[in-house]
1. Cβ contacts < 6 Å: first residue under 13 Å from Lys46 (Cβ atoms) and in contact (Cβ under 8 Å) with a residue 12 or more places away in the chain, restricted to the stretch 101-121; second residue among the β-branched types (Val, Ile, Thr) and buried (at least 20 other Cβ atoms within 10 Å of the Cβ), any location; separation 6+ or different chain. Result?
2. Only one of Lys159, Lys61, Lys85 is in a strand (DSSP E or B), farther than 27 Å from Ile10 by Cα and either open to solvent by less than 50 Å² (accessible area, probe 1.4 Å) or charged (D, E, K, R) (or both). Can you tell me which?
3. Taking the stretch 80-105 on its own, how many of its residues are out of contact with any strand residue (DSSP E or B) (no Cβ under 7 Å at 6 or more places or on another chain) and closer than 24 Å to Ser38 by Cα?
4. For the stretch 64-81, enumerate the residues that are in a loop (DSSP other than H, G, I, E, B) and not β-branched (Val, Ile, Thr).
5. From the list Ala122, Ala77, pick out the single residue that is touching a strand residue (DSSP E or B) at 6+ places or on another chain (Cβ under 7 Å), over 21 Å from Lys20 (Cα atoms) and of a type in the set (Gly, Ala, Ser).
6. Just to be sure, is Arg47 open to solvent by 20 Å² or more (accessible area, probe 1.4 Å) and on the phi > 0 side of the Ramachandran plot?
7. Within the stretch 119-134, is even one residue in a helix (DSSP H, G or I), farther than 19 Å from Leu36 by Cα, open to solvent by less than 60 Å² (accessible area, probe 1.4 Å) and in contact with a helix residue (DSSP H, G or I) (Cβ under 6 Å, 6 or more places away or on another chain)?
8. What is the number of the single condition among (1) assigned to a helix (DSSP H, G or I); (2) at pLDDT below 95 that Glu33 does not meet?
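The values are calculated or read from the model by the stated rules, or taken from the named source; none is laboratory data. Every value quoted in this text rests on a predicted model; they were computed, and no experiment measured them. Don't worry about glycine lacking a Cβ; one is built from the backbone with ideal geometry, like all the others, and counts go over all protein chains shown. Note: accessible area is taken over every heavy atom of the protein model, side chains too, but ligands, DNA and RNA are not part of it. Shrake-Rupley method; radii C 1.70, N 1.55, O 1.52, S 1.80 Å.
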Amino acid sequence: MNKAEVLKEIIEQRKSIFPKDYSETEISKEIIEEILNSAKFAPNHKRTKPWRFKIFKGEEKAKLALEMQEIYKSTQAPQVFLEKKYNDIGFKINKADAVVSIIVNFSGMVPEWEEIAAVSMAVQNMYLTCTANGVGCYWSSPKIVDYLKESLTIEENQKCLGLFYMGKLD
């Protein structure tokens, strides 16, 4: 198969795959590094490299799950709080082998939308690299990520655009 055919196949196979479908198999450190490294090849105006990623694995990931569950619980009025949604937040994070926070860093050198677009292209590169390596993934952007500012050490010129869940597939 030539490069164009391989690329076409990867693009056509790329899709969001949710944590419920992830296996218990760990993603190797090398593959996670390859996935994150692919992000840096996204085009970005004036080479601002506006993406910032933080990887959550193991205990740190379990803490993230608890924090997000508590944020959900504390931001919902009792009449709209759903126990199922609360449990789903923890399940998704804990079922994923790795969760990556997606942060945009606004440089002030270019319009904000360009830096959001660059981060989106970086995440698309991550999606494609996951697909090529048999790793399921999806980008989630729940409203509660706005409350993760402290645990993600988000600066004034930054914004969390969501979480990128990854898990091996059988």
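1. Pairs that qualify, where the first residue is under 13 Å from Lys46 (Cβ atoms) and in contact (Cβ under 8 Å) with a residue 12 or more places away in the chain and the partner is among the β-branched types (Val, Ile, Thr) and buried (at least 20 other Cβ atoms within 10 Å of the Cβ), are Glu115/Val104.
2. Working: Lys61 fails: in a strand (DSSP E or B); Lys85 fails: in a strand (DSSP E or B).
Result of the check over Lys159, Lys61, Lys85: Lys159.
3. First, the residues of the stretch 80-105 that are out of contact with any strand residue (DSSP E or B) (no Cβ under 7 Å at 6 or more places or on another chain): 80-91, 94.
Now restrict to residues that are closer than 24 Å to Ser38 by Cα: none.
Residues that pass the stated criteria total 0.
4. Step one: filter the stretch 64-81 for residues in a loop (DSSP other than H, G, I, E, B), giving 76-81.
Scanning the stretch 64-81 gives Gln76, Ala77, Pro78, Gln79, Phe81.
5. Numbers: Ala77 fails: touching a strand residue (DSSP E or B) at 6+ places or on another chain (Cβ under 7 Å).
Unique residue meeting the criteria: Ala122.
6. Working: open to solvent by 20 Å² or more (accessible area, probe 1.4 Å): yes; on the phi > 0 side of the Ramachandran plot: yes.
Here the answer is yes, as Arg47 does meet what is asked.
7. Our first condition is that a residue be in a helix (DSSP H, G or I); within the stretch 119-134, this holds for 119-132.
This time we only want the ones that are farther than 19 Å from Leu36 by Cα, so: none.
Looking through the stretch 119-134, none of the residues is in a helix (DSSP H, G or I), farther than 19 Å from Leu36 by Cα, open to solvent by less than 60 Å² (accessible area, probe 1.4 Å) and in contact with a helix residue (DSSP H, G or I) (Cβ under 6 Å, 6 or more places away or on another chain).
8. (2)
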